[in-house]
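**Q** Before I ask anything, let me first share the structure, which is written out below as structure tokens.
The values are calculated or read from the model by the stated rules, or taken from the named source; none is laboratory data. Keep in mind it's a predicted model, so treat the numbers as computed, not measured. Here the Cβ positions follow ideal geometry from the backbone for every residue, glycine too, while neighbour counts run over all protein chains shown.
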Amino acid sequence: MKLEKVVPQLYTVRDFLKTPADIAASMKKIAKIGYKTLQLSGLGPIDEAELVKITKGEGLAICSTHEDGKMILEDTAAVVEKLGKLGCKLTAVPYPPGKLESLKDVEALAAGINKAGEVMAKAGMVLTYHNHAIEFRRFEGKLMLDIIYDNTDRKFVQAEIDTYWVQAGGGDPVKWVKKMKGRLPMVHLKDYAVGPGGKPAFAEIGYGNLDMDAIVSASAESGCEWYVVEQDTCPGDPFDSLAKSFNFIKERYVR
């Protein structure tokens, strides 16, 4: 992969993004680590023009965002407008909105995502779906994540496979990355460890138990363009965790 394709998900440092001044200071830290591109999420109130000015000032580009799922489904035009102001084409449904208690509920969700994706595609943008563990529930014998992808058009809805949450749901991250071949512009690289008391824990890339070599190789074969680094919780300073992941990826995978 290329260095500029290694992307921090800003949700990792969300506690340091509450004001425009916080955001500016955090962008300096991220640029100093060596990142060149960003995925936006977890930011406090800031005008898009000011955000673009801050990021460009640090030599950072914006490749994608996560937007509120309800907003994506119910006000897709507003999402299109926001992405236009940010100068990026990719976003993701970060978590499924609404009640999901039956196959019918999930099929309705898929229909709504597909409709939003069609609107975005007509605007030259790309909607992806980001999974958690909840999508590994079964409805009438079918995995929720399969229902979503089987009931959406790949021209309108792409995938953003999150490796940690696939593992947490009992799935195989490598298999899911392969399954989304040709439909995977982004992957959330997120390592899975076992913490105190045997509880699942988030880890820096390369410091958990996932077969990251196989995941990265399968992602490349599936056409992945952006490798997004996210760590929901960190043992200390989240910027240190982003740096630790970045350095591992740079040394092992960047060519």
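**Q** Name the single residue, out of those in the range 75-106 being among the acidic types (Asp, Glu) and part of a helix (DSSP H, G or I), that is surrounded by the most Cβ atoms within 10 Å (Cβ to Cβ). Give the steps one after another, and end with the answer.
**A** Here is the first cut: in the range 75-106, the residues among the acidic types (Asp, Glu) are 75, 81, 101, 105.
So of that shortlist, the ones also part of a helix (DSSP H, G or I) come out as 81, 105.
Details: 81: 13, 105: 16.
Checked the range 75-106; the qualifying residue surrounded by the most Cβ atoms within 10 Å (Cβ to Cβ) is 105.
**Q** Suppose we keep only residues that are more than 18 Å from the chain's Cα centre (by Cα) and among the β-branched types (Val, Ile, Thr) within the range 142-161. Which one would you say is nearest to residue 190 (Cα to Cα)?
**A** Looking only at the range 142-161, we keep the residues that are more than 18 Å from the chain's Cα centre (by Cα), and these are 142-144, 146-147, 150-153, 155.
Cutting the leftovers down to among the β-branched types (Val, Ile, Thr) gives us 147, 152.
Details: 147: 24, 152: 25 Å.
My answer is 147.
**Q** Could you please tell me which pairs satisfy a Cβ distance under 9 Å, a separation of 6+ or placement on different chains, a first residue in the range 198-215 that is under 16 Å from residue 175 (Cα atoms), and a second residue that is part of a loop (DSSP other than H, G, I, E, B) and at pLDDT 95 or above?
**A** What qualifies is 210/190; 212/205; 212/206; 212/253; 213/253.
**Q** Looking at residue 152 and the list (1) closer than 24 Å to residue 211 by Cα; (2) assigned to a loop (DSSP other than H, G, I, E, B), which single condition is not satisfied?
**A** Here residue 152 clears every test but (1).
**Q** Mind checking which residues of the range 225-237 are within 19 Å of residue 193 (Cα to Cα), surrounded by fewer than 22 Cβ atoms within 10 Å (Cβ to Cβ) and not β-branched (Val, Ile, Thr)?
**A** We begin by selecting, within the range 225-237, every residue within 19 Å of residue 193 (Cα to Cα); these are 228-237.
Remaining after also requiring surrounded by fewer than 22 Cβ atoms within 10 Å (Cβ to Cβ): 232-237.
Those that are within 19 Å of residue 193 (Cα to Cα), surrounded by fewer than 22 Cβ atoms within 10 Å (Cβ to Cβ) and not β-branched (Val, Ile, Thr): 232, 234, 235, 236, 237.
**Q** Every residue in the range 185-197 that is in contact (Cβ under 8 Å) with a residue 24 or more places away in the chain and among the β-branched types (Val, Ile, Thr), please. Lay out the reasoning, then the answer.
**A** Taking the range 185-197 and keeping what is in contact (Cβ under 8 Å) with a residue 24 or more places away in the chain, we get 185-192.
Residue satisfying the conditions is 187 alone.
**Q** Taking the range 238-255 as the search range and keeping residues that are outside any loop (DSSP other than H, G, I, E, B) and of a type in the set (Ser, Thr, Tyr), which one is surrounded by the fewest Cβ atoms within 10 Å (Cβ to Cβ)?
**A** Going residue by residue through the range 238-255, those that are outside any loop (DSSP other than H, G, I, E, B) are 238-252.
Okay, now just the ones that are also of a type in the set (Ser, Thr, Tyr), so 241, 245.
On the way: 241: 23, 245: 25.
Out of the qualifying residues, it is 241.
**Q** OK, next. When you look at residue 166, is it farther than 16 Å from residue 230 by Cβ, under 16 Å from the mean Cα position of the chain (by Cα), of a type in the set (Val, Ile, Thr) and surrounded by 24 or more Cβ atoms within 10 Å (Cβ to Cβ), yes or no?
**A** For residue 166, the condition - farther than 16 Å from residue 230 by Cβ, under 16 Å from the mean Cα position of the chain (by Cα), of a type in the set (Val, Ile, Thr) and surrounded by 24 or more Cβ atoms within 10 Å (Cβ to Cβ) - is not met.
**Q** If you don't mind, another one. Out of everything in the range 107-141 that is charged (D, E, K, R) and closer than 27 Å to residue 189 by Cβ, what residue ends up being surrounded by the most Cβ atoms within 10 Å (Cβ to Cβ)?
**A** The first filter runs over the range 107-141 and keeps only residues charged (D, E, K, R), leaving 107, 115, 118, 122, 135, 137-138, 140.
If we keep only those that are closer than 27 Å to residue 189 by Cβ as well, we get 135, 137-138.
Working: 135: 24, 137: 15, 138: 11.
This residue is 135.
**Q** Say we look at the range 202-224 and pick out the residues that are outside any helix (DSSP H, G or I) and surrounded by fewer than 17 Cβ atoms within 10 Å (Cβ to Cβ); which of these is nearest to the chain's Cα centre (by Cα)?
**A** Restricting attention to the range 202-224, the residues satisfying the condition of being outside any helix (DSSP H, G or I) are 202-211, 222-224.
From the residues that got through so far, the ones that are surrounded by fewer than 17 Cβ atoms within 10 Å (Cβ to Cβ) too are 207, 209, 211, 223.
Working: 207: 20, 209: 20, 211: 19, 223: 16 Å.
Going through the qualifying residues, I end up with 223.
**Q** Now a separate question. Can you run down the residue pairs with Cβ atoms below 9 Å, 6 or more apart or on separate chains, where the first is in the range 43-67 and without any contact (Cβ under 8 Å) to a residue 60 or more places away in the chain and farther than 29 Å from residue 96 by Cβ and the partner is basic (Lys, Arg) and outside any helix (DSSP H, G or I)?
**A** Qualifying pairs under 9 Å: 59/36; 60/36.
**Q** For the range 186-201, which residues satisfy the criterion of being outside any strand (DSSP E or B) and surrounded by fewer than 20 Cβ atoms within 10 Å (Cβ to Cβ)? Steps first, answer last, please.
**A** Applying the first criterion (outside any strand (DSSP E or B)) to the range 186-201 yields 190, 195-199.
Those that are outside any strand (DSSP E or B) and surrounded by fewer than 20 Cβ atoms within 10 Å (Cβ to Cβ): 195, 196, 197, 198, 199.
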